[in-house]
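Here is the structure we will look at, set down as structure tokens.
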Amino acid sequence: MVEFAITLPILIALVAGVLELGRGYTFAIATSDAARDAARYAAGKTATTNGPGLASMCSLVTADLASVTSNVSCPTQVSHPPPFTVGTDYTNPVAGQAVVAIYCGASSNCTGSVTTLAATEVDVSVYYGFSDLNLLGGGITISGSSRATTSW
């Protein structure tokens, strides 16, 4: 009984840590998928159509993250390609919040038209404030990003 009483807190901490890592991994996959879908959405526009615009991309990301959070702050348009800097290019997300930063290349607001340069780079980054119940050190920002080349 004494040995069990000594080892039980360690076992509980290990199980809780594994569960928190699993939760964090789930959020990491969700943010990566949302960024990938938004970049793919922009790149999927053909040379005969205009770009989708920031509002459409934000709606897509918000729908992708609906199972994770309803607190999505987007979009923050950045005027340079990644890496994006917290505090300068986007605000650091609070626990349970997702922040989306988008670089639209040569296009303004990712609404490129047919006559603009081809092969425009679009970068989408999603940052999520993960609250890990202080088991792994407190608030962690999980990020996912994706780059696509579009025909507009």
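The values are calculated or read from the model by the stated rules, or taken from the named source; none is laboratory data. Fair warning: this is a prediction, and the values are worked out from it, not measured in the lab. Methodologically, a virtual Cβ is constructed for each residue, glycine included, from the backbone with ideal geometry; neighbour enumeration extends over all protein chains shown.
Descriptive notes on the structure:
- Test for R36: is it surrounded by 12 or more Cβ atoms within 10 Å (Cβ to Cβ), basic (K, R) and modelled with pLDDT under 90: no
Residue-by-condition table, conditions (1) of a type outside the set (F, W, Y); (2) out of contact with any Leu (no Cβ under 7 Å at 6 or more places or on another chain); (3) part of a loop (DSSP other than H, G, I, E, B); (4) under 15 Å from V124 (Cα atoms):
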| site | (1), (2), (3), (4) |
| --- | --- |
| T26 | yes, yes, no, no |
| S32 | yes, yes, no, yes |
| D37 | yes, no, no, yes |
| V100 | yes, yes, no, yes |
| N109 | yes, no, yes, yes |
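- Of the residues making up region 110-139, those that are more than 18 Å from the chain's Cα centre (by Cα), surrounded by fewer than 21 Cβ atoms within 10 Å (Cβ to Cβ) and either at pLDDT 70 or above or of a type outside the set (A, V, I, L, M, F, W, C) (or both) are T111, S113, T115, T116, T120, N134, G137, G138.
- Qualifying residue in region 62-73 (condition: of a type in the set (A, V, I, L, M, F, W, C), part of a helix (DSSP H, G or I) and within 25 Å of I140 (Cβ to Cβ)): yes
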